[in-house]
1. Using only Cα atoms, locate the centre of region 141-156 and the centre of region 226-243, then give the distance between them in Å, rounded to an integer.
2. Compute the semi-axes of the equivalent ellipsoid of region 325-418, taking the square root of 5 times each eigenvalue of the Cα gyration tensor, and list them largest first in whole Å.
3. What FRET efficiency comes out for the pair Ser119/Glu296, r = Cβ-Cβ distance, R0 = 51 Å, nearest 0.05?
4. When all alpha-carbon pairs of region 208-318 are counted, what percent fall beyond 23 Å?
5. Quote the relative contact order of region 208-318 in percent (integer), defining contacts as alpha-carbon pairs under 8 Å separated by 6+ residues.
6. Given +1 on the Cβ of Lys and Arg, -1 on the Cβ of Asp and Glu, and no further charges, what dipole in debye does region 18-176 carry about its Cα centre, rounded to the nearest 20?
7. Using alpha-carbon pairs under 8 Å, 6+ residues apart, how would you state the relative contact order of the chain in percent?
8. Taking 8 Å as the Cα distance limit and 6 or more residues as the minimum spacing, I'd like the relative contact order of region 73-222 as a percentage.
Amino acid sequence: MQDRLDINSEEQAVLDWIDSRSDHMIETVKAWSAINSGSRNPDGLEQMRGVVAEAFEELGGEISSVDLPPTTIVDPDGTVRQQDFTPSFHCRLRPQAPIRIVMTGHHDTVFPADSHFQSTEMWDDDTLNGPGVADMKGGILVMLHSLLGLERSPWKDEIGVDVLISPDEEIGSLGSGPILAELGAGADLGMTYEPALADGSLAGARKGSGNWSLKLSGRAAHAGREHHLGRNALAAACQFGLGLDELNGRREGVTFNLARIDGGGPPNVVPDNAVARFNVRVQTENDRIWVEAELERLLDEVRVRDGIEAELHGGFTRPPKPMSPANAKMFEWTRAAGTALGLDIRWQDTGGVCEGNNLWAAGCPNVDTLGVRGADIHSDREIVKLSSFAERAKLSAILLMKFARGEFDAREARALARSG
Ligand SMILES: [Zn+2]
């Protein structure tokens, strides 16, 4: 472990400046929360990208938009179609600098345009309730202010940064995945701004995750007159779903969640289509191989049903992020930076996934919960702790300044990642 870090007067001046911006961050997150930017609300996402770009102008990097490749989705009626994304926000600062850091976040939320949850409310002096205030509009402001802090320090030229803020994190980062991989591969380390827990704990090891849609086709027939000619796609979906559910408990740390089955219609018609959707979480690469073999086996069992066709869409989108030596090094530094601020930073493993998984898959060690302290995200009880805006921006600013000054060797984490 590091000895207790010294904060010199130049660093302290940066931290004091961040404190002076606390109210500004809080007012801004209230305004940003009022913009609905649900993952499937393109107008709101573009409006949100616009206000993020305006805020980042203060930083002075090269701002651009990055078009995301479309992906395919399966509609409830079995239609397979292209899904388009709005662009990601990208800001590049000092691309020639010796240390390369990728900072990521997302401007989408889980709350659709027609959600009842659209505005903020103060619950007490330190608690603001509102959509996206913690996950992660607050986090974007923490990221920005840590960078603005770095810019006020004498060591800024040592660090180059790519900031990527994406519109599709809450639906799996399928569009931004390739760009996260590219930026992760080119950086020494990553910093991602998902919320910390309300007590300040960070996420440690993360599971891997995949989502699938299974499209099943059979043959429609009159349920009374010609039932024998029908081939029941919904029954096949049920067989698959039960088989999937029975896999739970078969392998430590691996879970299967049958989430939804669409299909069928009037009771007097044999259903000719069904779509089953499910999620799988894994801990290791070997788990993934096992899961894919089991899915094949279940598919074979469905395909032997007479007249049934099965088409599986989807796959693993976020590989596991273990507490490897390289990621542990990142935590050690974060903990040391926290200690310098009088914070006792802890972490706990989680089954949740985020962009930190994608960065790690590209060989980029990272800490992914550097955002605000918050709670009850993905619900209308989502809150952010207001005192955490300056606190967490200072935490990241210390990390950035210590990397810049070489007190933390950014390339050491990268070298650890490369050595396995
Ligand atoms: Zn998030």
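We did not get these values from a lab; they are worked out from the coordinates using the rules stated. Remember, predicted model here, so these are calculated numbers, not experimental data. Note that each Cβ is placed from the backbone with ideal geometry, even for glycine, and that neighbours are counted across all protein chains shown.
1. One Cα centre to the other: 59 Å.
2. Over the Cα atoms of region 325-418, the ellipsoid semi-axes are 24, 19, 10 Å.
3. So, using R0 = 51 Å, E works out to roughly 0.60.
4. Tail of the P(r) past 23 Å holds 31 percent of the pairs.
5. 43
6. The dipole of region 18-176 has a size of about 480 debye.
7. Relative CO of the chain lands at 24 percent.
8. Relative contact order for region 73-222 comes out at 37 percent.
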